[in-house]
Amino acid sequence: EPEVTQTPSHQVTQMGQEVILRCVPISNHLYFYWYRQILGQKVEFLVSFYNNEISEKSEIFDDQFSVERPDGSNFTLKIRSTKLEDSAMYFCASSEHGGSSGEQYFGPGTRLTVT
Amino acid sequence: KQEVTQIPAALSVPEGENLVLNCSFTDSAIYNLQWFRQDPGKGLTSLLLIQSSQREQTSGRLNASLDKSSGRSTLYIAASQPGDSATYLCAVINAGANSKLTFGKGITLSVRP
């Protein structure tokens, strides 16, 4: 069964460093998302991406964050200068459709630890 | 602003029991509602998607219902098993929200053998 994959599974970085989290969405999906979950808190939306551009972003997704689809298969989230409060589990998701029929499928997550 | 609430935060039941997990949301203008399962330290597994025009969806021992006007959904698990132990999350997509999911905090279910 097709699935969303993410690498690495765990990333440790120092405050101020740049990190890139990678995702390979399900191959026929057109809509891509990043969410994060701080330990003990709700899963929060960061950004959605369709047709090579951001379709929506949350207030969390400030200038320190960027997304890219560098080729036909990868979808990346870059954090330019990490802060301690960026420590969280980051989930990539994809869906074939948007709107009401857009069932989202999530990857296993990347645990980001900022020290 | 949409708020999704799941109460209680945790539930413990004996194996074999039928159970209902509740989810409520404040804004009834939704496109759909999705139930997920999350095992500790793992990703989210989609269980069921209910579109706003539907009243319920079934998959195996799981049945999810949606009452949009009252802002409620329930996930019914029949004949619970220890393997059902996990956190169950509900999430909604608001109409016009470009597919952004708003999540509840989840209900952590423990099924005792």
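Summed over the range B:10-58, the residues that are open to solvent by 60 Å² or more (accessible area, probe 1.4 Å), more than 9 Å from every other protein chain (Cβ to nearest Cβ), at pLDDT below 95 and under 17 Å from B:GLY106 (Cβ atoms) give a count of 1.
Just one residue in the set B:PRO82, B:PRO113 is open to solvent by 30 Å² or more (accessible area, probe 1.4 Å), touching a helix residue (DSSP H, G or I) at 6+ places or on another chain (Cβ under 6 Å) and not β-branched (Val, Ile, Thr); that residue is B:PRO113. Take the residues in the range A:75-95 that are open to solvent by 20 Å² or more (accessible area, probe 1.4 Å) and not in a strand (DSSP E or B); name whichever of them is nearest to the other protein chains (Cβ to nearest Cβ). My answer is A:SER87. Among the residues of the range A:105-115, just one is over 13 Å from A:LEU21 (Cβ atoms) and more than 9 Å from every other protein chain (Cβ to nearest Cβ), namely A:THR115.
If you take the residues in the range B:94-108 that are buried (at least 20 other Cβ atoms within 10 Å of the Cβ) and part of a strand (DSSP E or B), which one is nearest to the other protein chains (Cβ to nearest Cβ)? The residue in question is B:PHE103. If you go through the range A:47-59 and keep only what is surrounded by fewer than 16 Cβ atoms within 10 Å (Cβ to Cβ) and either on the phi < 0 side of the Ramachandran plot or part of a strand (DSSP E or B) (or both), you end up with A:GLU53, A:ILE54, A:GLU59.
From the list A:GLY102, A:GLY98, A:GLY72, which one is more than 14 Å from chain B (Cβ to nearest Cβ), at pLDDT below 95 and on the phi < 0 side of the Ramachandran plot? It is A:GLY72. One residue stands out among those in the range A:34-65 that are of a type in the set (Ser, Thr, Tyr) and within 10 Å of the chain's Cα centre (by Cα): the one that is farthest from the other protein chains (Cβ to nearest Cβ), which is A:TYR35.
The values are calculated or read from the model by the stated rules, or taken from the named source; none is laboratory data. Computed from a predicted structure; not experimentally measured. Using ideal geometry, Cβ is built from the backbone for each residue, glycine included, and neighbour counts are taken over all protein chains shown. For accessibility, only protein heavy atoms count, side chains too; no ligands or nucleic acids. Shrake-Rupley method; radii C 1.70, N 1.55, O 1.52, S 1.80 Å.
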